[in-house]
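Let me begin by presenting the structure, written as structure tokens, before commenting on it.
The values are calculated or read from the model by the stated rules, or taken from the named source; none is laboratory data. Worth saying up front: this structure is predicted, and the values here are computed from it rather than measured. Note that we place each Cβ from the backbone using ideal geometry, even for glycine, and neighbour counts take in every protein chain shown.
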Amino acid sequence: MKCGGGAVFYLHGLIDEGMDAAAIQVVLGDQEFEDAYLEPCLTGTLTDVLLHERVFFAGCRLSEPALDQLLLRCAGIKEDFFLSLGLEPPRHVIALPSRRPIRPQDPARLEEYELAMRRYEEDMVKAEQYYAKRGISILWYKPMDEDHTGLKEIVQDLAGVKPPIPKTGYEGLYDEYPGIL
């Protein structure tokens, strides 16, 4: 599906409503995932996309071993090729939920909160280093709720989607008769 100047890829597949799931290949289990990454068509396509296109990852952590090796290999190629020529490689971004500890109202729990904050900050630094090694920047977002509304807002903003304008269905109905309403 085209989105602005790029495309949206569903790496694990997409089953639209009304589709016959048996008629398409969808990666659901560990063995299917491993088999898919043995296919040169998939790894070649992913390599091309990762080397030549900007990629925004959402709804994943990119921690599967086969994908991790591919990301590391592509990051090395980008560094050797693009940077050696003085070119700017395409940027990759991953959206990850920020789970910042909530400051307690009870002063007796401040020490517990400060420890949680230190762990939170350490985890963020580790994540930044992990993804940077793979050529990916992190866009931290506040999940807001179980539906990850914060991520939806980021994606809509990046795509230039405007919030819907409520309409009654009667707009323009009486334009021919000014003064009635």
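Which ones in segment 30-71 are small (G, A, S) and closer than 20 Å to I136 by Cα?
Within segment 30-71, G44, A58, G59, S63, A66 qualify.
Looking at segment 30-52, which of the residues that are of a type outside the set (A, V, I, L, M), loosely packed, with under 12 Cβ neighbours inside 10 Å and farther than 29 Å from I154 by Cα is modelled with the lowest pLDDT?
Out of the qualifying residues, it is D30.
Please go through segment 53-94 and give me each residue that is within 27 Å of R119 (Cβ to Cβ) and at pLDDT 90 or above, ordered by number.
D68, L71, L72, H92, V93, I94, listed by residue number.
Show me the helices (runs of 4 or more DSSP H) found entirely inside segment 24-83 where at least 3 residues are charged (D, E, K, R).
30-36, 65-81
In segment 53-101, what residues are surrounded by 14 or more Cβ atoms within 10 Å (Cβ to Cβ) and aromatic (F, W, Y)?
Answer for segment 53-101, where residues must be surrounded by 14 or more Cβ atoms within 10 Å (Cβ to Cβ) and aromatic (F, W, Y): F56, F57, F82.
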